[in-house]
1. Give, rounded to the nearest 20 debye, the magnitude of the charge dipole that the chain has about its Cα centre when Lys and Arg contribute +1 at Cβ and Asp and Glu contribute -1 at Cβ.
2. Could you work out the relative contact order of the chain? I mean the mean sequence separation of Cα pairs under 8 Å and 6+ apart, divided by the number of residues, in percent.
3. If I compute Cα extents along the principal axes in Å from the structure I just sent, which labelled value in (1) 84, 37, 26; (2) 52, 34, 31; (3) 54, 29, 25 lines up?
4. If you fit an axis through the alpha-carbon atoms of helix 69-89 and take the longest principal axis of the Cα set of the chain, what angle between them do you get, 0 to 90°, nearest 10?
5. For labels at Ala177 and Ala112 in the simple 7 Å Cα→Cβ model, what's the distance in nm?
6. Choose one answer from Ile171, Ile131, Ile52: the residue with the largest mean-square fluctuation in a GNM of the chain with alpha-carbon springs under 10 Å.
7. Relative to the longest principal Cα axis of the chain, at what angle does helix 164-184 sit, 0 to 90 degrees, rounded to 10?
8. Rolling a 1.4 angstrom probe over the protein heavy atoms, how many square angstrom per residue are accessible across the chain?
Amino acid sequence: MSFIEIILLAVGLSMDSLAVSVTGGAIIRNCTFTNIMKVGTVMGVFQAGMTIIGYAAGMTFEKYITSYDHWIAFGLLLYLGSKMIYDSTLNNKEECEQDLLCNKTLCGLAIATSIDTLAIGVSLAILNTTILLHASTIGVVTFLFSAFGVYFGSQVGNKVDLRLDLIGGVILIAIGAKILAEHTLFV
């Protein structure tokens, strides 16, 4: 996987965190640099950590599935991308009803938005990639997007619907299709 593909994967995965951060930024009354850094750091650390956990889980059963690993990676990315696209069509957008800066709320949102990266970690193990580069890139991109999201949300509020989950879903499906094509068409 090239570095540009890793960046695109990270961007696709960070869309949920960005959407939550924009919403949270819109309701934070005291949007300081420290608060922006807190949200970005927690979101980024959870995304990177879940990628590593998924990778470790995938490594344990990688030897059993190497002959059809590309189909599993494609299936996971297709499912996650489709779910993100479907969720983007729902009218009942989840709002951050509690204070985003509360540690319990922030960690809960970070876990909820990083579940997808757990599955991606499994896919990366199956594809036999280097986890440190992937996990750190995913973490840094999520940090940047989340920090920006809090700032943007505090400035713009809920005035704009950017459909970030739709964009992220399309990116994940495209990456899955590319992996499948590389392993089946260009062998």
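The values are calculated or read from the model by the stated rules, or taken from the named source; none is laboratory data. Source: prediction; values computed, not measured. Neighbour counts run over all protein chains shown; Cβ positions are idealised from the backbone, glycine included. The protein model used for the area step is the full one, side chains on, heavy atoms only, and it has no ligands, DNA or RNA in it. Shrake-Rupley method; radii C 1.70, N 1.55, O 1.52, S 1.80 Å.
1. Details: 9 positive and 13 negative charges, 50 e Å.
With Lys and Arg at +1 and Asp and Glu at -1, about 240 debye.
2. Values: 304 pairs, mean separation 96.6, N = 187.
Taking the mean separation of contacting Cα pairs over the length of the chain, I get 52 percent.
3. (3)
4. 30 degrees
5. 3.1 nm
6. Per the Cα network of the chain with a 10 Å cutoff, Ile131 tops the list.
7. Orientation of helix 164-184: about 10 degrees from the principal axis.
8. On the way: 9550 Å² over 187 residues.
That works out to 51 Å² for each residue.
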